[in-house]
Each structure stands twice: as structure tokens, then as C-alpha cells.
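For reference, the structure is listed below as C-alpha cells.
Values quoted throughout were computed directly from the atomic coordinates according to the rules given, and no laboratory measurement underlies them. These numbers were taken from a predicted model, which means no experiment stands behind them. Please note: Cβ atoms are built from the backbone with ideal geometry, for glycine as well, and neighbour counts cover all protein chains shown.
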Amino acid sequence: MTHTYHIAGMTCNGCATTVEKTLKAIEGVSEVKVNLAQATVEVGMEKHLLISRFQQALSGYPAYQISELGNGMSNKSLPMRGFWADRPVWKRASLNTLNCLIGCSIGDFGMILYLQAAHPDTSMAMQMILAIVAGLITSVLLETILLRIREKFNWSMAFQTAIGMSLISMIAMELAMNTTDFIITGGKAAFGNPMYWTALLVAMVVGFLAPLPYNYYKLKKFNKACH
């Protein structure tokens, strides 16, 4: 038999993996399918198990709260909304994109500052390439650390999960940030100029918005999160 439950608190693929692994470990559970976008989980059981059993299993992860859908509804009977009008998915996609933005920005702008301070003769094209690579690396490292601390993954699983997240989203973000920064400032850091910090803020906003629709689409259609 299969029963569908609502589960709150999941924000990324790592969360979904944690819930799936935890529930699968329960004796009598044969299959677990987590739908991150719909915030539901389908549990296949050899015999009916009380929801308190699942709540107990997840008690080590207070962020995840499992409950009945109510009135016997399954996720298939939930009202359909316009594909691009699902506010909870937009919220979750925005949080995931923000995590990515923070990780990418650390390496991206850190590399630009380093090159301009220590290797000022580096060509602008090479600066952009190295900044993008550094941003991708720090984004993956940050997510690895978050998964290790937040989801209690071992380091190997945390890294594998982080590296498997959407490179398309991260590359789009990096290209958007660097292109915007170059158009406004010419790629030169000028800390004493207020316009530089304004340009930096604009570049980060563009970097956030550029991959957001793609991240929403992946989460909504394929139940896959970038972060």
C-alpha cells in the first residue's frame, strides 16, 4: 500500500535525500518518493504504519515536519495551478538561487580582487574566465559545507550532492554577474568610488534574476533544485 503525506521544511535536493533516506530506513517501508516542488512524500509500506512512526524517525531533523494531507487527498488530487504561478515553488527556487549567489559571489569577486591587486596585467578575458571558475568552485564548496552541517551528510555524500547540482544555473549566474559588472565598471574595482558598490549590487541582482526562471522550471517540472 502507498500513502501520500505533506512534508514541510524541505528547501533543496539535499533535504529531499535526507527525508528519503530516513524514511526508507524504517522497518516495513518498501519505497519512498519525495516530491520537493509539491512538498509531499509517497511512502510504500508492507502494512499500514502510523504517521507517528514517521514523525519519530524524522525527530532528529526538526526542520522537517510530516503530516497528513487532510481529507484523504493525495498529491494527485491537489488543485492544479498555472505552471508559472506557484508561489511556494518560486519561494523555494529563490532561496536555492540565493544560496548559489552567495557561493558564486565569494569566489567570483574574490578572484577579481586578487588578480587586480597581485596580477594587474592579467587580461580582462582571462580575469572573467578565472572569476567564473573560482565562483563555481566556491559555490560547490559552500553547498558541501551546508549539506554537511545542515543535513548531517558525510563529506563524501555532501560533495557528490553539491557537485550534482545544476551547473547551467551557476554558469548563467556567473556570466550575468561578470557581464553586468564589466559593462558598468569596465571590470575595474574602485573601492573609493560609490558607483563601484552600486555596480556590484546591480551585478548581483542581475546574477540572481538570470537563472531564477530556469531554477523554478527545473524544480516545478522535474523536482530538481539547483541548491
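Under a point spin-label approximation (7 Å from Cα along Cα-to-Cβ), what is the Thr2-Lys221 distance to one decimal in nm?
2.3 nm
Can you give the helix-only mean residue ellipticity at 222 nm for the chain, where every DSSP H stretch with n ≥ 4 adds -39500 (n - 2.57) and the sum goes over all residues, rounded to the nearest 500 deg cm²/dmol?
-19500 deg cm²/dmol
Just grab the label-to-label distance for Asn154 and Ser94, each label 7 Å out from Cα along the Cβ direction, in nm (one decimal).
The two pseudo-label positions are separated by 3.8 nm.
So which lysines can Lys152 reach, going by Cα to Cα under 22 Å and dropping same-chain residues fewer than 8 places off?
Hits, sequence-local ones excluded: Lys21, Lys24, Lys33, Lys224.
What's the ranking of 23-33, 208-218, 135-145, 160-170 by average number of surrounding C-beta atoms within 10 Å, highest first?
135-145, 208-218, 160-170, 23-33
Defining a contact as two alpha carbons under 8 Å apart and six or more residues distant in sequence, what relative contact order in percent does the stretch 2-77 show?
41 percent
Among (1) 46; (2) 36; (3) 23, find the value of percent of Cα pairs over 30 Å apart that was calculated from the structure presented, and write down its label.
Looking at percent of Cα pairs over 30 Å apart for this model, the match is (2).
With the crude spin-label approximation of a point 7 Å out along Cα→Cβ, what separation in nm comes out for Ile163 versus Ala85?
Between Ile163 and Ala85, the label points sit 4.3 nm apart.
Fully extended, how many nm does the chain gain between Val202 and Ile145 (0.36 nm per residue separation, minus their Cα-Cα distance)?
So the chain would gain 17.8 nm between Val202 and Ile145.
Place a +1 charge on the Cβ of each Lys and Arg in the chain and a -1 charge on the Cβ of each Asp and Glu, then give the dipole magnitude about the Cα centre in debye, rounded to the nearest 20.
Result for the chain is approximately 540 debye, rounded to the nearest 20.
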